[in-house]
Amino acid sequence: GCMLNGKLYPLGQIERTDDCYKCSCSEETMHCCSLFHTPVAYDNKKCKVVFNKKRCDYDVVQKDDPSKKCFVYSRV
């Protein structure tokens, strides 16, 4: 198996780790890519970024009312 952030994963394809990555584990190596895209362009004066582990993505919400989402211009 492969170790990632203190957790042992089985050999083969891992569709989703606890930290929201998709990985391929072999006896020689482990390759992973994120399942989320980081917001980079939004109104950072009025809004904040919160990681939603259930959806494996970032929510951008208003600082004074986190129940309201903000528009995101760009993600990477």
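The values are calculated or read from the model by the stated rules, or taken from the named source; none is laboratory data. Please read all numbers here as calculations on a predicted model, not as lab measurements. Note that we place each Cβ from the backbone using ideal geometry, even for glycine, and neighbour counts take in every protein chain shown. For accessibility, only protein heavy atoms count, side chains too; no ligands or nucleic acids. Shrake-Rupley method; radii C 1.70, N 1.55, O 1.52, S 1.80 Å.
How many residues are at positive phi, open to solvent by less than 90 Å² (accessible area, probe 1.4 Å) and not in a strand (DSSP E or B) if we restrict to region 2-21?
Residues that pass the stated criteria total 2.
All but one of (1) of a type in the set (Ser, Thr, Tyr); (2) surrounded by 12 or more Cβ atoms within 10 Å (Cβ to Cβ); (3) touching a Leu at 6+ places or on another chain (Cβ under 9 Å) hold for Ser26, so report the exception by its number.
(2)
Looking only at region 37-66, count every residue that is open to solvent by less than 80 Å² (accessible area, probe 1.4 Å), assigned to a loop (DSSP other than H, G, I, E, B) and either touching a Pro at 6+ places or on another chain (Cβ under 9 Å) or modelled with pLDDT under 95 (or both) and tell me the total.
Qualifying residue count for the region: 1.
Does Ser24 qualify as being part of a strand (DSSP E or B) and at pLDDT 95 or above?
Answer is yes for this residue.
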